[in-house]
Amino acid sequence: MIFPGAKYGEEPAGYYACANVFVFPSRTDTFGLVMLESVASGTPVAAHPVAGPPDVLKSQVTGVMRYDLGVAIAQAERLDRQACREEALRLGWGSISDQFLHALVPIDCDRLPAVKEAQWRNQAIPV
C-alpha cells in the first residue's frame, strides 16, 4: 500500500490510473465521489457494503463490496480494468438523467391541487 498524501488538480488521476485497486474504507460516507474517479480511470474499488458504495459501484464489474476489506481487495484485483472503464463511460449524463426520471413517482391525484397551490405561492413576487 502506498499513501502519497494529499493530491490536487489533475495529479490524483495518475494515482487512480496506476493503482491496482482503490480501497474505500468509509462506512459512513453517503456517496464517495472518489469511487467514481477511480472507476473512471479503470481502477476497481474495494469497499464495505454499506450506504453509498452500492449506489456507485456495479458489483463484480467496477468494484467488490465486502465487510472484510482484505477479501474485497483480493477480489477487486481480479476484475477486468477495461470492463471497469467501459462501465464508467456508460454512465454519462444521459444515463444518469434517465435513472433520475425513472425514479420519479407520480403525485397522488388527491394531493395535486395542494401541490399546485404551493408552487404558485412559492413563485409569487412579494409586493
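Coordinate-derived values only; no laboratory data. What you see is a predicted model; the values in this text were computed from it and never measured. Methodologically, a virtual Cβ is constructed for each residue, glycine included, from the backbone with ideal geometry; neighbour enumeration extends over all protein chains shown.
Report, in debye and to the nearest 20, how large the dipole of region 11-92 comes out about its Cα centre when Lys and Arg carry +1 and Asp and Glu carry -1 on their Cβ. Mind dumping the intermediate values first?
Values: 7 positive and 9 negative charges, 32 e Å.
The calculated dipole for region 11-92 is roughly 160 debye.
Where a ≥ b ≥ c are the square roots of the eigenvalues of the C-alpha gyration tensor, would you call region 29-71 rounded, which needs a/c under 1.5, or, failing that, prolate if a/b is larger than b/c, or oblate? Each step should come with its number before you reach the end.
Working: a/c = 1.76, a/b = 1.17, b/c = 1.50.
It is oblate, given that a/c is not under 1.5 and a/b is not larger than b/c.
Which ³J(HN,Hα) values in Hz, rounded to whole numbers, follow from the phi angles of region 9-21 under the Karplus curve 6.51 cos²θ - 1.76 cosθ + 1.60, where θ = phi - 60° and Gly and Pro get x?
Result, rounded to whole Hz: x, 8, 4, x, 4, x, 5, 4, 5, 8, 6, 6, 8.
Return the long-range amide H neighbours of G63 (sequence gap of 5 or more, or a different chain), with a cut-off of under 5 Å between placed amide H atoms.
Result for G63 returns V45, K58.
Taking amide H atoms as placed 1.01 Å from N in the peptide plane, list the residues 5 or more away in sequence, or in a different chain, whose amide H sits under 5 Å from that of V23.
Residues meeting the criterion, in which the H sits 1.01 Å from N, are A46.
Can you classify region 2-90 as rounded, prolate or oblate using the Cα gyration tensor, where a ≥ b ≥ c are the square roots of its eigenvalues, rounded means a/c under 1.5, and otherwise it's prolate if a/b beats b/c and oblate if not? Before the final figure, lay out the partial values.
Values: a/c = 1.37, a/b = 1.16, b/c = 1.18.
Rounded.
From the backbone phi of region 91-105, what are the Karplus-calculated ³J(HN,Hα) couplings (6.51 cos²θ - 1.76 cosθ + 1.60, θ = phi - 60°) in whole Hz, Gly and Pro given as x?
8, x, 4, x, 5, 5, 4, 4, 4, 4, 4, 6, 7, 5, 10
Per-residue counts of other Cβ atoms within 10 Å, averaged by peptide: what ranking do you get for 9-16, 97-104, highest first?
Values: 9-16: 12.1, 97-104: 8.5.
Ranked by mean Cβ neighbours within 10 Å, highest first: 9-16, 97-104.
Relative contact order for region 11-92: what is it in percent, counting Cα pairs under 8 Å that are at least 6 residues apart? Show your work: numbers first, answer last.
Numbers: 157 pairs, mean separation 24.4, N = 82.
Reported relative contact order: 30 percent.
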